[in-house]
Each structure stands twice: as C-alpha cells, then as structure tokens.
Amino acid sequence: MKNESTQVQQRVMRYWYIDGLGELVGGGGVFFVLALYFSAQQYFGEDSLVGGLLQAGLFLILVGSFVFVRRLIASLKMRVTYPRTGYVEYRASRQNRILMGALAALSAAAMSGVIVLIVRSFDAIDTMVAMTGILVAVILLVKQVWSTRMPRFYFLGAISLILGGILSVSGFARGYNLGLFYGFMSIAFAVSGGITLKNYLRENPLPAEVEND
Amino acid sequence: MTKDLRGLADLDRAIHEPARLLIVTILSTVESADFLFLQREAGLTKGNLSAHLTKLEEAGYVEIKKTFKGKLPLTVCKLTKSGSKAFAQYRQQMVKFMSTTG
C-alpha cells in the first residue's frame, strides 16, 4: 500500500515536467542569459567599465532572469498545460525540501571543491568550465534521483559532463569557454524541452469544450 | 471477530473506497488540484469523480472551490486538515493491519 501511494505521489510530482516547458523556457532561457553574460564579460574584459558592471550585476541578472522565466512558465502553463491535462498547485515550502536543497547544495559545493583541487594540478585544463560541467551534471543527477525520475535528465547531465570536458581542453579564453558551455547547454535544454512539448501536445489535444470557448 | 479483523472494520470508509483513496492520495501530495487533473490521474468519468468528491466533501475531507486562473475556469480541490489527518490515520491503520496479518 505504501509503495503504491508513493508511486502515485511521485507521478503527481513529475507532472510539472510533463510538458517540457520548464526545460524549454527555464533551462534554455537562464543558460542563454549566462552564455551571453560570460561571452560579453570576456569580450569587454574584466577590467573594463562594462566588465565591472557585469560582474557587479551578476546577482541581479540571475535573480531577474529567474523571476522572468518563472512568470513566463506560469503564463505558458496556464495557456498550454492546464486546459489540456489540468491544474496543480504544489506546496511552496516544505521543511524536508529545504533540508534536501541544503544537503544538495552542500554536497555539490564539497564535490566541486574536491574536483577543483584535483583538476588544478593540470595546467592545460580550464578548471572553471570543467567544474561547471560537473556541477551542472551533479545538480541534474540529484534532481533526477530525488524528484523528477525522468531519463532525459540523465541525458542532459551527460551532455554537461562531455561539454565541460571538451571545452576544458579547447584552449579558448575562460569567458568564451563558459559562454560556449552555457550556450550549448541552453540549446540542449531547449531541444529536450521542445521535443517533450511536441510529444505532449500530440498526446494531449485541447478538449473540445475548451476549444469552443 | 479477531482483533486483526476488528482493526480492518475500524477503517475510515470514506477513504477506504479505492477511487476515493486515490483521490485523497493525489491531493495529499499537492496544495490543490483541479477537477480535470484528478479525473485524468484517477482515470474516472466526470460523474464518478463528482460523486466521490461530493462524498469526501460531505465527510469534511475535501474543500471544493470554483475559481478562475486568468480566464480559465477551474474547479479546484484541496485536502482539508481533517482530511490530511484522516489519511495519515488510515495509512497507519493499514500498515499496522498488514504487519499483523503478514
């Protein structure tokens, strides 16, 4: 009985990812902003006025992107998902979620620290992009194991690892490396989300009564 | 009647019915869900779901509100505090029953 109810509860939690909008708009959008950010910072130089402003504004840029993307996803879900497969409001703040988030952040930080120490011994490797690739993969893996349980997130994690590995030995400047990493990840998320959305729309046509309204 | 079977007889009938148990399980996971989502997840017809929700509402376990999300009309269902409590108690009773009967 416990297993069956756990399965139902997990299926309900996975519903948020059913339409691919989170990846398409969220992952694709935020990674695209980061790609532009690091490329611009490299292009203008860290010591220039624009570079300095970009560095000072990173927190605002990230928070702004998250808020915008969140609103856009909510608005799209209202038009695309809720009329087709129904509306769900998830609990905003649960203690165990905070605890799990903190644990995930701590383990990710500890892991990246260890990785930096290991990778720093190789001069030819861009540690930042390698570390970013591993960190994104770890976050996706943790998310996969704890909440989503959707195989496509393993695939995205693998892409992150491969990209981080390839770009770390590419020889490009660090800013361009990070720009390329986030750019390619943005495309990977957009493609994954786009395919999921296409399948979702095909499998869930708009009900007749909604279409007639 | 043995003690074990008496435990089964004490189960909350409002929740014990399979379709209603499924509805309550779904609602226990989220803050609220609308009629269409519950219908799809539970695999019930509109009439059937409506009848089960009415029974749960009468028991005081579910709160049903008709609202709008933007221009979209929604019938939103939410598990009440007594619904959550009854579901937790039901789970405990079932686990206990399963463990004693093996």
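Would you pick out the residues in segment B:51-79 that are surrounded by fewer than 19 Cβ atoms within 10 Å (Cβ to Cβ) and assigned to a helix (DSSP H, G or I)?
If the condition is that a residue be surrounded by fewer than 19 Cβ atoms within 10 Å (Cβ to Cβ) and assigned to a helix (DSSP H, G or I), then B:A51, B:T54, B:K55, B:E57, B:E58 are the ones that fit.
Please enumerate the residues belonging to segment A:9-40 that are within 22 Å of A:W146 (Cα to Cα), more than 11 Å from the chain's Cα centre (by Cα), part of a helix (DSSP H, G or I) and of a type outside the set (S, T, N, Q).
If the condition is that a residue be within 22 Å of A:W146 (Cα to Cα), more than 11 Å from the chain's Cα centre (by Cα), part of a helix (DSSP H, G or I) and of a type outside the set (S, T, N, Q), then A:R11, A:V12, A:M13, A:R14, A:Y15, A:W16, A:Y17, A:L21 are the ones that fit.
Condition test on A:T85, is it within 22 Å of the chain's Cα centre (by Cα) and of a type in the set (S, T, Y)?
no
Failed condition for B:T29, given (1) surrounded by 19 or more Cβ atoms within 10 Å (Cβ to Cβ); (2) more than 9 Å from every other protein chain (Cβ to nearest Cβ), with all others met?
Of (1) surrounded by 19 or more Cβ atoms within 10 Å (Cβ to Cβ); (2) more than 9 Å from every other protein chain (Cβ to nearest Cβ), only one is false for B:T29: (2).
Just the residues that are within 14 Å of the chain's Cα centre (by Cα) and either away from chain A (no Cβ under 12 Å) or part of a strand (DSSP E or B) (or both), please, taken from segment B:41-50.
The answer is B:L44, B:N48, B:S50.
Looking at this structure, is B:E57 among the acidic types (D, E), farther than 22 Å from A:R84 by Cα and out of contact with any helix residue (DSSP H, G or I) (no Cβ under 7 Å at 6 or more places or on another chain)?
Taking the combined requirement at face value, the residue satisfies it.
Checking A:D19 against (1) surrounded by 16 or more Cβ atoms within 10 Å (Cβ to Cβ); (2) of a type in the set (D, E, K, R); (3) away from chain B (no Cβ under 14 Å), which test does it fail?
Condition (3) is where A:D19 drops out.
Being within 11 Å of the chain's Cα centre (by Cα) and within 25 Å of A:P205 (Cβ to Cβ) narrows it down to one of B:L79, B:L38, so name that one.
The conditions single out B:L38.
Pairs please, first residue from segment B:60-86 and farther than 13 Å from B:T25 by Cβ and within 12 Å of chain A (Cβ to nearest Cβ), second anywhere and small (G, A, S) and exposed (fewer than 15 other Cβ atoms within 10 Å of the Cβ), Cβ atoms under 7 Å, 6+ apart in sequence or on different chains.
Close Cβ pairs (under 7 Å, with a partner that is small (G, A, S) and exposed (fewer than 15 other Cβ atoms within 10 Å of the Cβ)) do not exist here.
Taken together, the values in this text are just the output of simple stated rules run on the coordinates, not laboratory data. Computed from a prediction, not measured in an experiment: that's the story for all the values here. In this analysis, Cβ positions are derived from the backbone assuming ideal geometry, glycine residues included, and neighbour counts consider all displayed protein chains.
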